[in-house]
Amino acid sequence: MAALHQYDYLFAIGTIFAFLAAWNIGANDAANSFATSVSSRSLTMKQAMLIATCMEFTGSMAVDTRVSETIRTKIISTKLFAQEPSVLMLGMVCAVIGSSLYLTAATRLGLPVSTTHSIMGGIIGVGIASVGAHVFAAWAIAPGITGAFGTIIFLITKYEVMLRKNPVKKAFITVPIYFATTSGLLTMSIVWKGASSKIKLKDGEIAGVIVGVAAGVALLIRVFLLPYLYRKLVLGDWQLQWWHILQGPLLLRLGEIPPRPEGVSDVQDYYRGHLTKEELEAKQAQEGNSDDVEKHPNVLSSAEENSSSSDVVASNSQMAPRLGNSLWPIAVLHGVEKDVVSAQSKSNILTGNLEEMHARAENYDNKAEYAYSFLQIMIAATASFTHGANDVSK
């Protein structure tokens, strides 16, 4: 087929908006993988962005273009446009323009929208008559399956670990299992689907690789991570750092733990900065009726202290963009300076009253929370890798 140079302007426009769509995927979808890790304080924003950058890039480069081929040829049959390829070209350009502009607006408003639905909706809008019902079914089934698995895992962790008498001990049992499951699923996504055109394995070999990787990861966690967690969480070794994990069983042979200095904790408080239920009620009483404050003077003082601390953090985070305006590297990266946790005290029409939600939510054992933080980071990195492999095509 001869090149249609008269439509080079469509190619140029489409390329520009493809870059805009890619920028918005990074701005909007990075939160899909790392929002929970940052919000729960397992990672800082800078750490999350560094891991996301590496994993998204690796996923997009290492895995083949199966999804690109699906979007390019299997949503709308290209054979329908054999006589008028310029119509298909115009339709695809319109689809990427519409989806990128929608993503820009959604990102600006803080809406965690689906980039998949955005571009797929645009393409389907171009050729709705040629779309099969299976596409719509997949849109409904996939989130449902994900939600079901998430609910099951959460309930197991909540009732079999967090609400038990000794949650840290229970966490030691489940952490290797969760690590094995996650690594097995990642391996399956690579050797069975993502890179199947590059990795030629038979069905039995694929199963063996998946099980082997999962078992190997579980063994590594048992040998290296659990001794670290035992010494830190059970024995209370406040001196340990994450890199001591590499010492593995040798950590169990270390000497006695020196007395902990005042004000130093072995693990961080994952609930710091959030008001308790009593503090929230005192704050609401102050805002609604100043006379009620006298009933809770101590609680109000604590609430004000937390609020003041949050204000200082928020003030510092707001200064970062202003400082960044003078130096372009800082300006480009000023998003990583945002204090996500302090922002949760603000209420808006999209999120509702997050401060009240946190105040009324259950608080679990901080040490058990810490045991799962490593798993959370691995899962976030895994999700980021598969996201890069999947969403670059869009």
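Computed from the coordinates by the stated procedures, all read-outs in this text should not be read as laboratory data. It should be emphasised that the depicted structure is a prediction, and the values quoted were computed from it without experimental measurement. Cβ atoms come from the backbone with ideal geometry, glycine included; neighbour counts cover every protein chain shown.
For this structure, a couple of remarks:
- Gain in span if fully extended, residue 271 to residue 23, counting 0.36 nm per residue against the direct Cα distance: 86.0 nm
- Tensor-based shape of the range 215-269 (alpha-carbon gyration tensor, a/c under 1.5 rounded, otherwise prolate or oblate): prolate
- Separation in nanometres of the label points that stand 7 Å from Cα toward Cβ, at residue 61 and residue 246: 2.4
- Net charge, residue 249 excluded, C-beta distance under 14 Å - Lys, Arg +1, Asp, Glu -1: +3
- The length gained on full extension between residue 166 and residue 257, counted as 0.36 nm times the residue separation minus their Cα-Cα distance, comes to 30.5 nm.
- Sites residue 211 and residue 287, calculated FRET efficiency, Cβ-Cβ separation with R0 51 Å, nearest 0.05: 0.35
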